[in-house]
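Chemist: Pasting a structure below so you can have a look.
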Amino acid sequence: MADHEQEIPAPGFRFKPTLNGERVLLRPVTVNDVPALMPMFRDAEVTRLTGSHDDGEPDEGHLRAWYSTRADQDDRLDLAVVEKATGNVVGEAVLNEWDADNEGCGFRISFVPGAQGRGLGTEATRLIIGYGFEKLALHRISLEVYAFNPRARRVYEKVGFVLEGVLRDALLWEGERVDAAGMSILAPEWFRHRGRPERAGHMPA
C-alpha cells in the first residue's frame, strides 16, 4: 500500500484549520471578513473571471448571513487568505462539493482587486490543496477555469493540476460563448511533487 493510501486519522471538513505559509496565512473565514472581501464581489473583472451572473450590487446582509455559517459546514472548507506582510484579508480559498463516496472535492480561489501577481495565489493554492490530500485524505481535487483566465490556469498548472478536457461553450458571457478547462490533481501526483511539479519533472505541457 502506498504511503498516501495508508489509514490516517482525517479531521474531516468540520474542523477548520489555520495554514501558515511564507507569504500568506489561511484561516477560517468569518463574518468579520466581509468588509475586506466586499471589493472582490463588487469588481467587474473578478465577476467576469469567475463567470458570476449575479445582477446588481452585492447584498452585504446576504453575504454576512452566508459567512456567519461557514464554521458550521461539515462538507466544505472556506478559508480566508491573509497577506502576512500587511495582515490584510485579500481573498478566499475553498474546498467544496465534497464527494465522500469517491474521496473527491472541488476547489476555487478568488482575490480582491490588486492582490494578484505577487505569488499569493500560488502559495494559497498549495497550502489548501496540500491540506486536502495530507489531512483530509482526499484522492482527487478538481476545478474549472474559463478560457479568458489564462493567468489562473498557469497558477493551477504550477501547483500540479492537469488538464482533463474542455467543456465547450460552458459559459455565455455578454453574448460570447466561452470554453472552460476541466482540471484535476490526484493524491499520487501530489505526494510525488508536493505542489511543485517542475522540480519533479512533471510539469504539464
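Chemist: Quick check on my filter: what residues within segment 79-131 are farther than 18 Å from residue 39 by Cβ and among the small types (Gly, Ala, Ser)?
Modeler: Result: 85, 100, 104, 106, 119, 130.
Chemist: May I pose another question? With the checklist (1) open to solvent by 20 Å² or more (accessible area, probe 1.4 Å); (2) over 17 Å from residue 46 (Cβ atoms); (3) not in a loop (DSSP other than H, G, I, E, B) in hand, flag the one item residue 137 doesn't pass.
Modeler: Only one criterion is unmet by residue 137, namely (3).
For (1) out of contact with any helix residue (DSSP H, G or I) (no Cβ under 8 Å at 6 or more places or on another chain); (2) at pLDDT below 95; (3) not small (Gly, Ala, Ser), each residue gets a yes or a no:
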site: 106; (1), (2), (3): yes, no, no
site: 114; (1), (2), (3): yes, yes, no
site: 128; (1), (2), (3): yes, no, yes
site: 132; (1), (2), (3): yes, no, no
site: 146; (1), (2), (3): no, no, yes
site: 157; (1), (2), (3): yes, no, yes
site: 167; (1), (2), (3): yes, no, yes
site: 195; (1), (2), (3): no, no, no
site: 198; (1), (2), (3): no, yes, yes
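Chemist: Also, quick follow-up: Looking at 126, 168, 118, 151 in this structure, which one is open to solvent by 20 Å² or more (accessible area, probe 1.4 Å), in a strand (DSSP E or B) and either closer than 22 Å to residue 45 by Cα or not aliphatic (A, V, I, L, M) (or both)?
Modeler: Going through 126, 168, 118, 151 in turn, just one is open to solvent by 20 Å² or more (accessible area, probe 1.4 Å), in a strand (DSSP E or B) and either closer than 22 Å to residue 45 by Cα or not aliphatic (A, V, I, L, M) (or both): 168.
Chemist: Could you run through segment 84-98 and say how many residues are open to solvent by less than 60 Å² (accessible area, probe 1.4 Å) and part of a strand (DSSP E or B)?
Modeler: Residues flagged as open to solvent by less than 60 Å² (accessible area, probe 1.4 Å) and part of a strand (DSSP E or B) within segment 84-98 amount to 8.
Chemist: Within segment 49-83, track down each residue that is closer than 22 Å to residue 129 by Cα and surrounded by fewer than 14 Cβ atoms within 10 Å (Cβ to Cβ).
Modeler: Answer for segment 49-83, where residues must be closer than 22 Å to residue 129 by Cα and surrounded by fewer than 14 Cβ atoms within 10 Å (Cβ to Cβ): 71, 72, 74.
Chemist: A follow-up question, please. Scan segment 177-193 and tell me whether some residue there is modelled with pLDDT under 95 and open to solvent by 70 Å² or more (accessible area, probe 1.4 Å).
Modeler: no
Chemist: Can you name the residue in segment 14-48 that is modelled with pLDDT under 95 and crowded, with 18+ Cβ neighbours inside 10 Å and, of all such residues, is nearest to residue 92 (Cα to Cα)?
Modeler: 40
Chemist: Let me ask something else. Could we say that residue 110 is out of contact with any His (no Cβ under 6 Å at 6 or more places or on another chain), touching a residue at least 60 places away in the same chain (Cβ under 8 Å) and either open to solvent by 80 Å² or more (accessible area, probe 1.4 Å) or part of a strand (DSSP E or B) (or both) here?
Modeler: yes
Chemist: Any residue at all in segment 57-65 that is modelled with pLDDT under 95 and at positive phi?
Modeler: No - not one qualifying residue is present in segment 57-65.
The values are calculated or read from the model by the stated rules, or taken from the named source; none is laboratory data. Predicted, not measured: the structure shown is a model, and the values here were computed from it. Positions of Cβ are backbone-derived with ideal geometry, glycine not excepted, and every protein chain shown enters the neighbour counts. These area figures cover heavy atoms from the full protein model, side chains too; ligands, DNA and RNA do not enter into them. Shrake-Rupley method; radii C 1.70, N 1.55, O 1.52, S 1.80 Å.
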